[in-house]
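Visitor: Submitted below is the structure of interest, expressed as structure tokens.
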């Protein structure tokens, strides 16, 4: 999963759901969640996935009120639609993305 370089471009204005995961390098739950997200990415789900390192992105952490990691944000057309806090299985992440898309 790639680190998001340009959040505005990543979240974009397209119909596709963008999933941004806020992580910390020292977070064990974040590393476990990353395995689930890699499985989603490999399956070709049509969801844009990216991660944000909280240590280097203070502006985004403040903008989205990130208090705990991992935090999973579901965005569509640049707008936050859903937020999950914690480690979740890929089925929950995919279900949430489908709900946001519809």
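The values are calculated or read from the model by the stated rules, or taken from the named source; none is laboratory data. A quick note: this is a predicted structure, and the numbers were derived from the prediction, not measured. As a convention, Cβ positions derive from the backbone with ideal geometry for all residues, glycine included, and neighbour counts pool all protein chains shown.
Visitor: Consider residue 84 carefully, then state whether it is within 17 Å of residue 27 (Cβ to Cβ), in a helix (DSSP H, G or I) and touching a helix residue (DSSP H, G or I) at 6+ places or on another chain (Cβ under 8 Å).
Guide: Taking the combined requirement at face value, the residue does not satisfy it.
Visitor: A follow-up question, please. Does segment 26-47 contain any residue that is at positive phi and over 13 Å from the mean Cα position of the chain (by Cα)?
Guide: Going residue by residue through segment 26-47, those that are at positive phi are 44, 46.
When the remaining residues are screened for being over 13 Å from the mean Cα position of the chain (by Cα), the result is 44, 46.
The answer is yes, given that some residue of segment 26-47 is at positive phi and over 13 Å from the mean Cα position of the chain (by Cα).
Visitor: Exactly one of (1) surrounded by fewer than 18 Cβ atoms within 10 Å (Cβ to Cβ); (2) in contact with a strand residue (DSSP E or B) (Cβ under 9 Å, 6 or more places away or on another chain); (3) modelled with pLDDT under 95 is unmet by residue 79. Its number?
Guide: With respect to (1) surrounded by fewer than 18 Cβ atoms within 10 Å (Cβ to Cβ); (2) in contact with a strand residue (DSSP E or B) (Cβ under 9 Å, 6 or more places away or on another chain); (3) modelled with pLDDT under 95, residue 79 is out only on (2).
Visitor: Counting only residues that are under 20 Å from residue 45 (Cα atoms) and in contact (Cβ under 8 Å) with a residue 24 or more places away in the chain, which one in segment 82-95 is nearest to the chain's Cα centre (by Cα)?
Guide: Ranking the qualifying residues of segment 82-95, first place goes to 93.
Visitor: Could you check how many residues of segment 21-52 are in contact with a strand residue (DSSP E or B) (Cβ under 8 Å, 6 or more places away or on another chain), part of a helix (DSSP H, G or I) and either under 12 Å from residue 94 (Cβ atoms) or modelled with pLDDT under 90 (or both)?
Guide: So the count comes out to 3.
Visitor: Within segment 1-20, which residues are assigned to a helix (DSSP H, G or I) and either crowded, with 20+ Cβ neighbours inside 10 Å or out of contact with any helix residue (DSSP H, G or I) (no Cβ under 9 Å at 6 or more places or on another chain) (or both)? I'd like the intermediate steps shown before the answer.
Guide: Here is the first cut: in segment 1-20, the residues assigned to a helix (DSSP H, G or I) are 7-11.
Hits for segment 1-20 are 8, 9, 10, 11.
Visitor: May I pose another question? In the set 47, 93, 72, 66, which member is in contact with a helix residue (DSSP H, G or I) (Cβ under 6 Å, 6 or more places away or on another chain) and buried (at least 18 other Cβ atoms within 10 Å of the Cβ)?
Guide: Values: 93 fails: in contact with a helix residue (DSSP H, G or I) (Cβ under 6 Å, 6 or more places away or on another chain); 72 fails: in contact with a helix residue (DSSP H, G or I) (Cβ under 6 Å, 6 or more places away or on another chain); 66 fails: in contact with a helix residue (DSSP H, G or I) (Cβ under 6 Å, 6 or more places away or on another chain).
Selected residue: 47, the only one of 47, 93, 72, 66 that is in contact with a helix residue (DSSP H, G or I) (Cβ under 6 Å, 6 or more places away or on another chain) and buried (at least 18 other Cβ atoms within 10 Å of the Cβ).
Visitor: Assess whether residue 75 counts as being assigned to a strand (DSSP E or B), at negative phi and touching a residue at least 12 places away in the same chain (Cβ under 8 Å).
Guide: Criteria met by residue 75.
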